[in-house]
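Have a look at the structure below, then the notes.
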Amino acid sequence: MKNVLVIGVGPHARRSHLPALAAGQRDGLVGTVCGVDVLGATSVLTVFDSDGGPRDLPVTPIVPFPAEEQTLPEAVRQTLDGIVARRGIDAVVVATEPAFHMLYTRWALERDLSVLLDKPLGVRAHASTDPVQAGAILTDVDDLLARYQLARQRRPDLMVSVQSQRRYHPAFWQLHAFIAEVAEATGCPVTSVQSFHSDGQWRLPDELLDLDYHGYDRGYGKCAHSGYHFFDIIPWLLAAGDVSGKIPDAVRVHAEVTRPVDLLAQLGVIDYERLFDGFATRNRYTEAELHSGLHGFGEVDASISLAFTSAGRTLTLGTLNLFHNGFSQRGNLAPAAALYKGNGRVRQETHIIQQGPFQTLHLHSLQTLEDNRSTGDRYATGGDRHVEVHVFRNNRFQPTWKPHARLDHEALTTTADGQLATPTQQSSRRRSVNEFLLYLNGRRSRHQMRSDLTTHRPAAALMAGTYLSMAHRWTGASPEITLGLTPTLAAIPAPPRGREVIVR
């Protein structure tokens with residue numbers, strides 16, 4: 001059994017990683033689990049139960065350090081090295097604030113430790129306002145890929161797997177299969193993608209300054225918080241059409257964003273004093289002080305235009321809309337702790353994919369109620385079970401095709417690796433952890449891994465291009481960015497073939 005160190009044991013790790021690691025212990029895949037987190041995080045850690053995670057998780061504190069550091073402070077390295085030696089650590093889960101992902105992953109590779117890396121791969125402080133920091137998002141990934149290659153020369157079985165859970169979601173497996181089928185039959189790649197995600201994270205004006213968990217004060221926001229899932233899944237879906245032989249080699253990116261100061265133009269202090277009794281008493285800031293304090297903060301919402309090209313010709317047009325400021329179920333003045341869960345965050349997600357005149361795919365995952373296990377709300381209509389895929393095909397061109405099919409939660413529930421695979425984000429996250437543990441124990445080969453680091457450069461290019469576009473607009477330069485996509489999208493492996501629903 002493999003011993004695992006979790007770096008960053010905050011709300012996200014306690015909700016997703018620790019329960020999966022506890023299940024790994026029960027299955028004989030995991031031995032010791034321990035954690036590290038920064039001093040001062042206790043208030044965050046005690047609020048959130050580990051939701052079935054390992055009991056009596058030992059957590060070693062480390063001294064906080066700035067995200068701008070490019071190497072781990074010596075004291076932190078010594079603490080981590082000591083834990084690895086004392087507890088015989090075999091692998092690391094990196095679940096920290098995104099700006100620290102690169103530092104800890106580099107450290108792990110230097111020690112020949114396998115890594116389960118939370119999304120995104122990394123981000124730089126002030127990436128939305130400084131073109132140098134935005135561009136470094138991609139150069140950091142290229143550096144990490146080179147370090148990964150060197151580490152694998154020393155230890156061939158070393159693995160870095162990225163926890164991009166939509167690659168583990170049965171609804172996306174079906175989309176991938178449908179695209180591949182039509183591309184093989186017609187030679188037509190994906191020609192258009194429209195993706196939308198909103199999570200209803202409603203922050204009041206003073207909270208924009210005072211609350212920093214998943215905040216905007218580091219100069220980045222939504223695109224680093226949850227946007228990476230979509231930077232990743234779009235090229236992953238495009239790759240399903242690679243059987244057509246038409247593969248993009250570059251992408252043009254243009255981003256428009258709203259920042260916290262823009263939210264004040266939508267709803268200002270006077271509006272909130274009218275909307276919430278007690279806000280005037282609680283709020284410590286004038287409108288002018290908020291404008292000054294929020295200057296240079298990262299993006300709340302982003303509307304991103306994409307054009308995937310091959311030899312200068314456009315193959316696929318895309319739009320990606322990523323919103324924190326959307327439909328919410330928050331109605332109270334006082335926020336829940338850290339605004340992570342229990343504060344009205346409601347996920348709504350859609351994808352519309354076109355393959356020329358032959359096929360259109362719609363995926364809708366729409367919540368109307370907050371995920372709440374204690375009340376069972378997540379199973380209400382519009383909860384986690386509200387996921388459906390619509391398939392439209394041109395049966396005038398191909399009479400054997402069915403013009404429309406609808407796949408609901410039951411139809412999308414499939415089997416993978418002999419286990420039930422439900423189409424929810426939470427179960428998909430846990431499948432990604434389980435796959436990593438199976439690999440560590442020799443029960444998966446490298447080519448079976450769905451999210452090896454080497455397949456993530458296209459996603460890193462989309463994320464870097466988006467932040468470069470933001471930063472260029474901030475500095476007055478042209479917001480249109482063109483970046484190469486290497487390695488090619490064809491390197492991304494197909495999903496496992498479970499009980500697929502074939503549309504004829």
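The values are calculated or read from the model by the stated rules, or taken from the named source; none is laboratory data. These figures come from a predicted structure and were not determined experimentally. Counting neighbours? That spans all protein chains shown, and the Cβs are built from the backbone with ideal geometry, glycine included.
In segment 456-475, the residue that is surrounded by the fewest Cβ atoms within 10 Å (Cβ to Cβ) out of those that are among the hydroxyl-bearing types (Ser, Thr, Tyr) and closer than 19 Å to residue 318 by Cβ is 469.
Of the residues making up segment 228-283, those that are among the aromatic types (Phe, Trp, Tyr) and either without any contact (Cβ under 8 Å) to a residue 60 or more places away in the chain or surrounded by fewer than 22 Cβ atoms within 10 Å (Cβ to Cβ) (or both) are 272, 276, 279.
Counting the residues of segment 137-168 that are free of Cβ contacts under 8 Å to residues at least 40 places away in the same chain and of a type in the set (Gly, Ala, Ser) gives 1.
When 76, 141, 132, 63 are screened for being modelled with pLDDT of 95 or more and touching a strand residue (DSSP E or B) at 6+ places or on another chain (Cβ under 8 Å), only 76 passes.
Please go through segment 67-81 and pick out each residue that is without any contact (Cβ under 8 Å) to a residue 40 or more places away in the chain and more than 21 Å from residue 155 (Cβ to Cβ). Once the filter is applied, which keeps residues that are without any contact (Cβ under 8 Å) to a residue 40 or more places away in the chain and more than 21 Å from residue 155 (Cβ to Cβ), segment 67-81 yields 69, 70, 71, 73, 74, 75, 76, 78. If you check 251, 257, 261 for being in contact with a Ser or Thr (Cβ under 8 Å, 6 or more places away or on another chain), modelled with pLDDT of 95 or more and under 18 Å from residue 294 (Cα atoms), only one passes: 257. In segment 206-216 there is at least one residue that is hydroxyl-bearing (Ser, Thr, Tyr), modelled with pLDDT under 95 and surrounded by fewer than 22 Cβ atoms within 10 Å (Cβ to Cβ). Checked against the criterion of being assigned by TED's automatic domain parsing to the domain that holds residue 470 and of a type in the set (A, V, I, L, M), the candidates 141, 193 yield just one match: 193. If you check 149, 133 for being touching a His at 6+ places or on another chain (Cβ under 8 Å) and either part of a helix (DSSP H, G or I) or polar (S, T, N, Q) (or both), only one passes: 133. Listed residues 304, 270; which is part of a helix (DSSP H, G or I) and over 17 Å from residue 201 (Cα atoms)? Of the residues listed, the single one that is part of a helix (DSSP H, G or I) and over 17 Å from residue 201 (Cα atoms) is 270.
Of the strands (runs of 3 or more DSSP E) contained entirely in segment 393-504, those carrying at least 2 residues that are modelled with pLDDT under 95 fall at 414-416, 419-421. Residue 246 meets each of the listed conditions (1) in contact with a helix residue (DSSP H, G or I) (Cβ under 8 Å, 6 or more places away or on another chain); (2) not in a helix (DSSP H, G or I) apart from (1). Select from segment 440-455 the residues that are among the hydroxyl-bearing types (Ser, Thr, Tyr) and in contact with a strand residue (DSSP E or B) (Cβ under 7 Å, 6 or more places away or on another chain) and list them in ascending order. Listed by number, the list holds a single entry, 451. Restricting attention to segment 91-109, the residues being assigned to a loop (DSSP other than H, G, I, E, B) and either within 19 Å of residue 34 (Cβ to Cβ) or over 20 Å from the mean Cα position of the chain (by Cα) (or both) number 2. Only one of the numbered conditions (1) assigned by TED's automatic domain parsing to the domain that holds residue 66; (2) buried (at least 21 other Cβ atoms within 10 Å of the Cβ); (3) of a type in the set (Gly, Ala, Ser) is violated by residue 146, and that is (2). Of the residues examined, residue 171 is not one that is without any contact (Cβ under 8 Å) to a residue 40 or more places away in the chain, among the hydrophobic types (A, V, I, L, M, F, W, C) and part of a helix (DSSP H, G or I). Of the residues that make up segment 163-185, is at least one of a type in the set (Gly, Ala, Ser) and over 22 Å from residue 318 (Cα atoms)? The answer is yes; a qualifying residue exists. The residue that is nearest to the chain's Cα centre (by Cα), among those in segment 435-448 that are crowded, with 21+ Cβ neighbours inside 10 Å and not acidic (Asp, Glu), is 436. Going residue by residue through segment 400-415, is there one that turns out to be without any contact (Cβ under 8 Å) to a residue 24 or more places away in the chain, under 30 Å from residue 187 (Cα atoms) and surrounded by 13 or more Cβ atoms within 10 Å (Cβ to Cβ)? Yes.
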